[in-house]
Amino acid sequence: MQLPSGQRDKHQGLNLPIPAVRATPPAVMVFASPENSVIKMIFHGRQARWQKRMPPRHCGNMHIPPNVMCHNKKIPYHKLNHDYIMKTYKKNAVIIGALFIFTMLAGMIDAYFVAPELKNPIISILQIDSKILLGVFSVLIMAIGIVFIAIAFFPVIKEHSESIALTYLILRAVECFLLIVGSICYLYIIALGKEYINKTDISNYLIAFSLAVKIKYYSYLIAMIVLGIGSLFLSYSLYKSRLVPRFISIWGGLGYILLLLSAVFDICGLIDTTSGLGVILYVPGGLWEMIVFPLWLFIKGFNITLKD
């Protein structure tokens, strides 16, 4: 093995053995550290060649040479690393886009097809068990989907801000819990309806039924508030990191602000989120979650840039 002149003289002067190199297929070994320059060894069978130290190049938090020899082709090392990350996060982008669409559809089924029925008289509600059961499954699909959205987002956002990634994951888990509470209320309403038919004294059942409907309604609104807060963190992270074009991040942020305000106004009794102005306030965020953001993720994915 040939060593640089300074190291060769040092070994010869001290009568130190020169380390042997095992037979190795053509490969590259890059030794890097933030403090020291990089030494590159290129192995060709039993031969090993030390290259001179080259000016360091930033790639993430490492210093690397401008290029390395890989299978006898000159390929920038940072480009190889970048392609690997792009491939990994492209898969995440597709999963996130698909989950946004599925959860949005499930939420729309519950919010505009099932939930309005609970405002009808109890006698009419007892006749729509199948529709309420549809609401149970749609809410469960939405609850599970949003958790997996946060899980798929976590490694992407963590590259830029671990605290925001963790905050977003926790808030979406809280949202999932609130939605599951709503689905349990649906099941409780179905059970009350079956008991209600066989009883003559119905006053207690009416109270329990009304309470279940209120818990379902307000748990959903609180979940939308949590969603709005968590997604504002997400939009901020997307804006700062430029993972997607900034107009998409701004659109998402404005949409979630309107979503947050609509839920707060509904709790205060100022609007109804299932009709009129409440539906209009949902439109920007709904378009972002169902069309704009998923479409961009499917076509372009995330704009991954390594940190300096």
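List of remarks:
- Relative packing of 274-280, 135-141, which averages over residues the other C-beta atoms within 10 Å, highest first: 135-141, 274-280
- Among 297-303, 282-288, the order from most to least packed when residues are scored by Cβ within 10 Å on average: 282-288, 297-303
- The stretch 80-299: Cα Rg divided by the 2.2 N^0.38 Å rule of thumb: 1.12
- Environment charge at Phe298 (Cβ cut-off 15 Å; Lys +1, Arg +1, Asp -1, Glu -1): +2
Bear in mind that the values in this text are calculations on the coordinates, not laboratory data. Because the structure is a prediction, the values reported are computed rather than measured. Positions of Cβ are generated from backbone atoms using ideal geometry, with glycine treated the same way; all protein chains shown enter the neighbour counts.
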